[in-house]
Amino acid sequence: MAELAVNVDHVATLRQARGINYPDPIAAAVTAETAGADAIVVHLREDRRHIQDRDVRLLRQVVQSRLILEMAATSEMLGFALDVKPDCVTLVPEKREELTTEGGLDLITHQDGIREAVSSLKNAHIKVCIFIDPDLDQIKVAHKIDADMIEIHTGAFCDATTEAQKQKEFSRIVDAAKIGTKLNLGVNAGHGICYNTIKAFAGLTEISEFSIGHSIISRAVLTGLDQAVRDMKQLIKEL
Ligand code: PXP
């Protein structure tokens, strides 16, 4: 069975919207682990829009499964990762103006820089995963520069609006997963996966882990709302 890595960035998004100290992504991580998450993921962005340095440092102490740090391969982030030592780093591209990660890393253009980042993280015994589009040439470079794993970008499939588009994008994911496995890379998948799109992956056993954030945190807001309103009603009743 594939594992589930739960991304708690958007708990921090909610906290940062008010600039206060709740909800805390650390508490969310503990709950996610209790519910069966196999790993906790956070993306420390250059602009610190959601996850803060403090969150990653605390998660390093608290997480009992595996801590996966998503980050750009900048010297600032590499220094931070080498200091905090997550179990795994997933290298992602990052643009300040984007709402979320928009595509996989272009390894063909950035091969030399990424190779150096992979090597320094691996020397510190941190596993390295590279987030890439389901593109065979990109996967071959990931193998060449000695990454441990790839995370296949599933966004184009999850966002596809027609059946034909969905099928085309999914077959790219299948081919990518098979080539990655053939090259002895670990194969993960993520971005945009929700409670509907996950069903398409039945039988694609090459994928060993799904990295999912927004849909889980979104569902938590709604499934938890009933109790949250009841609790506040009760407190008001007791005034
Ligand atoms: N994988 C990577 C590399 C990502 O950047 C993200 C978003 O932070 C995810 C997975 C999770 O995507 P989503 O929040 O859409 O589930």
Exercise for the section: Would you work out which of 198, 225, 183 lies farthest towards the positive end of the dipole of the stretch 171-239? Charges go on Cβ: Lys and Arg +1, Asp and Glu -1. Expected result: 198
Exercise for the section: Using the heavy atoms of the protein chains and a 1.4 angstrom probe, tell me the accessible area per residue for the chain in square angstrom. Expected result: 53 Å²
Exercise for the section: Taking only Cα atoms and a 10 Å spring cutoff, compute GNM fluctuations for the chain and point out the largest among 57, 172, 48. Expected result: 48
Fill in the blank from the handout: quick shape note, the stretch 175-239: Cα extents on principal axes in Å, largest first -> 65, 19, 15
Problem - Three semi-axes of the equivalent ellipsoid, the stretch 135-220, Cα gyration tensor, whole Å, largest first - result: 22, 15, 11
Completion exercise
In whole percents, the bins of 5 Å from zero upward hold the Cα-Cα pairs of the stretch 90-178 as 3, 14, 24, 21, 18, 12, 5, 2, 1
Fill in the blank from the handout: Taking Cα atoms only, helix 53-62 is inclined relative to the longest principal axis of the chain by an angle, in degrees rounded to 10, of 90 degrees
Handout entry: Crossing angle, helix 163-182 versus the chain [Cα axis fit, 0-90 degrees, rounded to tens]
Key = 70 degrees
Completion exercise
Rounded to a whole %, the carbon-and-sulfur portion of the accessible area of the chain at a 1.4 Å probe is 55 percent
Completion exercise
Rg/Rh over Cα atoms for the stretch 1-106, Kirkwood Rh, comes to 0.94
Practice task
Calculate how steeply helix 75-84 sits against the longest principal axis of the alpha-carbon atoms of the chain, using the helix alpha-carbon long axis, and give the answer as 0 to 90 degrees to the nearest 10.
Solution key: 60 degrees
Practice task
Averaging over all projection directions, find the projected area of the Cα convex hull of the stretch 48-95 and quote it in nm² with one decimal place.
Solution key: 3.3 nm²
Problem - P(r) histogram, all alpha-carbon pairs of the chain included - 10 Å bins from 0, percent - result: 7, 31, 36, 18, 5, 2, 0
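The values are calculated or read from the model by the stated rules, or taken from the named source; none is laboratory data. All figures in this text were calculated on a predicted structure; none of them were measured in a lab. Every residue, glycine as well, gets a Cβ built from its backbone with ideal geometry; the counts of neighbours run over all protein chains shown. Note: accessible area is taken over every heavy atom of the protein model, side chains too, but ligands, DNA and RNA are not part of it. Shrake-Rupley method; radii C 1.70, N 1.55, O 1.52, S 1.80 Å.
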